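J.: Next up is a structure, given as structure tokens.
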Amino acid sequence: MARTLRTVFDEANRRFAQRDYVGALKIYRMMLESAPAGADVDIRLRIADTLLALGEEAGTRRVYAAVATQGIRVGQPLYSLVAIKILEQCKVDVGPAVEALAETYAEGSERIGKGARVAPLDLDQEIVEGAPLDFDITPQALVESCVQAAGSADPAARYPEKLPPIPLFSLLAPETFMDVIRLVQLRRCGDGTFVIREGEIGESFFVIARGQVRVIQHDVLGKERELARLGDGSVFGEMALISNSPRTATVVALGQVDLLEFNREVLTAASEQIIDIATALDRFTRDRLVQNILATSPLFKPFDRNQRLELLKRFSAHEVTPGTVIVKEGQEGKGLYLILTGEVDVTKIDGREKVLLATLRAGDCFGEISLIKKSPTTATVTAARHTTVLFLPRDAFLRLVTALPELANYFRELTEERLMDTRLLLDRSTVEDEENSLADIRHLF
């Protein structure tokens, strides 16, 4: 099997994890030589990390400064942010770098847009079989060579005119952008580190600056299920922070990971900036939730992207406070509801008791039964916590299912399934009540 840059890269990272810093530095130096101009920011950052571990303060500062500058220019601003936060810890003045980052990537920058990107280093390219990973050089000479190569600008690099936005950050005005950079905390995690745990109350949200994480859940038996793997630029943890609710999944570092952490306490202390940050986070989160619903909800499945966006325009968004009755049992159905954020309880009156039928969350819909059956609503739906719902009026819904048999079949099947679940739940509740009554009678004897 041919050896690739990836196998060599993995070996360097393994050496670093085992504290063989000189051995790791030799490989990073070799990879830096083979990296195309402008595609070497990650390697430079790893060289800086290794120099830091070796205690080479002067060389460390020089290379991190080069990473900050190079990352801004080639469209790798999150790597720049990592370097800036480490330079802050080294008591280096990062003001000019922060200003350059804001000027290039904050809201309103003319540099942000679509265009050619610097291609990342191709780790799957083959290398000469038998090429030595260790070569004869003194540690001091190796350090000096790495500082010179990784701490200098690449004269052959060509920088793109347009650069990609930074998730969330690029929604902020320049002044707020710079304030947020000062507030955000860098969290460096080793392989297998639990970043957040399912069931915890969210106190932070995160942007992945470098690396990968696994998102997992556990069922009632404790069996693990992997939901996703997230990489550079991904945001996670924001929903629990916004809703002040428990985490719905566990996130674990996959290899070495650099995270930018937004802590609730720190953000709250920045009272002047919190409104701008909250607004940007709300906008970012809503955009992402809408895109997720467009991509995953069966309601939008029959349509292409443009048609989905057109259909979405027919919905109106409504904020609902906890305890608000959205649908009341026995009344005429007003339309279809789609949950964007939050949680609602579905209840039904059975005799003198109110029975909880289901709890619905983001992505779930309700209100379809009365529309499909052309009958009064069969249950009451109440906001369990702060919830955002998208509402499609009755007439628009009926036109939609009339025109699209596939959609009509989906809602008919969903209606029958929910009615069956309701009957089974109410029957079970009746049996339990009868058993409890018999137990009370037996107790008398």
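The values are calculated or read from the model by the stated rules, or taken from the named source; none is laboratory data. Please read these numbers as outputs of a predicted model, since none were measured by experiment. Using ideal geometry, Cβ is built from the backbone for each residue, glycine included, and neighbour counts are taken over all protein chains shown.
J.: Need a quick list: helices (runs of 4 or more DSSP H) entirely within segment 1-108 having at least 3 residues that are within 22 Å of F262 (Cα to Cα) and not β-branched (V, I, T).
T.: In segment 1-108, the matching helices (runs of 4 or more DSSP H) lie at 77-89, 95-105.
J.: Sticking with this structure for a sec: Residues to consider are V22, V82; find the one that is modelled with pLDDT of 95 or more, of a type outside the set (D, E) and touching an Asp or Glu at 6+ places or on another chain (Cβ under 7 Å).
T.: After ruling out the rest, the residue left standing is V82.
J.: With (1) within 23 Å of P246 (Cα to Cα); (2) without any contact (Cβ under 8 Å) to a residue 24 or more places away in the chain as the list, and N306 as the residue in question, which single condition is left unmet?
T.: Going through the list (1) within 23 Å of P246 (Cα to Cα); (2) without any contact (Cβ under 8 Å) to a residue 24 or more places away in the chain, N306 breaks only (1).
J.: Scan segment 180-219 for residues that are within 16 Å of the chain's Cα centre (by Cα) and not in a strand (DSSP E or B) and jot them down.
T.: R197, E198, G202, E203
J.: Is it fair to say A97 is on the phi < 0 side of the Ramachandran plot, small (G, A, S) and modelled with pLDDT of 95 or more?
T.: Values: on the phi < 0 side of the Ramachandran plot: yes; small (G, A, S): yes; modelled with pLDDT of 95 or more: yes.
Against the criterion (on the phi < 0 side of the Ramachandran plot, small (G, A, S) and modelled with pLDDT of 95 or more), A97 qualifies.
J.: Suppose the filter is surrounded by 13 or more Cβ atoms within 10 Å (Cβ to Cβ), outside the structural domain of G222 (by TED's automatic domain parsing) and small (G, A, S); does A173 pass it?
T.: Yes, satisfied.
J.: Which number in (1) touching a residue at least 40 places away in the same chain (Cβ under 8 Å); (2) hydrophobic (A, V, I, L, M, F, W, C); (3) touching a Phe, Trp or Tyr at 6+ places or on another chain (Cβ under 6 Å) marks the one condition that A53 misses?
T.: (1)
J.: Does segment 115-135 contain any residue that is in contact with a strand residue (DSSP E or B) (Cβ under 6 Å, 6 or more places away or on another chain) and in contact (Cβ under 8 Å) with a residue 60 or more places away in the chain?
T.: yes
J.: What do you reckon, is L45 within 13 Å of A150 (Cβ to Cβ), among the hydrophobic types (A, V, I, L, M, F, W, C), surrounded by 19 or more Cβ atoms within 10 Å (Cβ to Cβ) and touching a strand residue (DSSP E or B) at 6+ places or on another chain (Cβ under 9 Å)?
T.: Yes.
J.: Now a separate question. Just one of (1) over 27 Å from A37 (Cβ atoms); (2) without any contact (Cβ under 8 Å) to a residue 60 or more places away in the chain; (3) assigned to a helix (DSSP H, G or I) trips up Q148, so point out which.
T.: The failed condition is (1).
J.: If only one of V92, V118, V143 is hydrophobic (A, V, I, L, M, F, W, C), surrounded by 13 or more Cβ atoms within 10 Å (Cβ to Cβ) and over 27 Å from R3 (Cα atoms), which one is it?
T.: Only one candidate passes the filter, namely V92.
J.: Out of (1) modelled with pLDDT of 75 or more; (2) over 25 Å from K85 (Cα atoms); (3) surrounded by 15 or more Cβ atoms within 10 Å (Cβ to Cβ); (4) of a type outside the set (A, V, I, L, M), what's the single condition that is false for G202?
T.: Tallying (1) modelled with pLDDT of 75 or more; (2) over 25 Å from K85 (Cα atoms); (3) surrounded by 15 or more Cβ atoms within 10 Å (Cβ to Cβ); (4) of a type outside the set (A, V, I, L, M), G202 fails exactly one: (2).
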